[in-house]
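Any read-out appearing in this document is the output of simple, stated calculations on the displayed coordinates, not a laboratory observation. For clarity, every value in this text was computed on a predicted model and none was experimentally measured. For neighbour counting, all protein chains shown are included, and Cβ atoms are generated from backbone atoms with ideal geometry for every residue, glycine included.
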Amino acid sequence: MIVIKRGDSWLGVSITAADVNELHQQLSMLRSLKLRHHLLIEWRLDYWQQLDIESLHIANQLIRQQLPYYPLLLTLRTVVEGGRCQLNATEYTEWLLMLSHNLDWDLLDVMPAQLLAPSAFSEQLDCAEQQQLIYSYHHLKPSNFAENCAWLNQLAQYARPQDLIKLAVQTESLQNSLDLLNATLWLNYHSKQPLITMGMGQTGQITRQLGPIFGSVLSFGSLVSGGSAPGQLPLLQLDQLVN
């Protein structure tokens, strides 16, 4: 397993397959990539056609067999934070615990705002020493510097020192993007955990390019048209833009 730490500069790409046939196609595309940066694979489970542990286990094994050298991030994003799953707090918490115990992963995305008891969640997990949690929040409206700092600080309260904290916010102006980058820079000096930040939307694309300079360790690019979030740049293009 590979631990992502402060000062790293990774690219992430999401698998958004709905079934095994589509999964094979996306895995084939990923195997053919030649990138300048280290690559992390995010498996967006909320895109999967039928959420059942048996089919997810088969798909999980396929990903691990075909992409054995890339760290794997499991993400189950709910509609409330821009995903596709309609899950209440009890259902979301139960699904995360089930996934964490039954699938093979390196990183697990956790949205504290959607959990039943966020402060006690990590105690319910049986994580290996090098497995990391990404405590994330996705704000689907524009925000300012103070709000961004407050959300990052709150996420840090849930996370262990070895975990990561992630903030994605909607941007509608360059000022929104600048506020996010400045908050990233400020928290980079005041947080124990590595940061991941990004602006969603076209004006937020600059944060995906410059984020590593301000302290964000991971920037997501799209493998297929449309990507998994608004404003994602094509992965190969992002690989050339990020320092």
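Just a few scattered comments:
- Projecting the Cα atoms of 175, 143, 188 onto the dipole axis of segment 103-226, where Lys and Arg carry +1 and Asp and Glu carry -1 at the beta carbon, places 175 farthest toward the positive end.
- Computed from label points 7 Å out along Cα-Cβ, the spacing between residue 173 and residue 98 is 4.5 nm.
- In this simple spin-label model, placing a label point 7 Å from the Cα along the Cα-to-Cβ direction at both residue 18 and residue 90 gives a separation of 3.0 nm.
- In whole percents, the pair-distance distribution calculated for segment 10-52 from its alpha-carbon pairs, binned every 5 Å from zero, is 6, 21, 29, 22, 13, 7, 2, 0.
- Listed residues 30, 207, 222: farthest to the positive end of the dipole of the chain (Cβ charges): 207
- In terms of its C-alpha gyration tensor, segment 179-243 has a prolate overall shape, because the principal axis ratio a/c (a ≥ b ≥ c, square roots of the eigenvalues) is not below 1.5 and a/b outweighs b/c.
- Rounded to the nearest 20, the size of the Cβ-charge dipole of the chain about its Cα centre is 760 debye, with Lys and Arg at +1 and Asp and Glu at -1.
- FRET efficiency, 1/(1 + (r/R0)^6) with R0 22 Å, evaluated for residue 62 and residue 38 via beta carbons: 0.50
- Positive-pole candidate from 119, 93, 155, dipole of the chain, charges at beta carbon: 155
- For segment 1-85: rounded, prolate or oblate by the Cα gyration tensor [a/c cutoff 1.5]: oblate
- Largest-first principal axis extents, alpha carbons of the chain, Å: 45, 40, 31
- Helix-only [θ]222 nm of the chain, DSSP H runs n ≥ 4, -39500 (n - 2.57) each, per residue, nearest 500: -11500 deg cm²/dmol
- Comparing Cα centroids, segment 143-159 and segment 60-135 end up 21 angstrom apart.
- For the chain: relative contact order, % (alpha-carbon pairs under 8 angstrom, 6 or more apart): 20 percent
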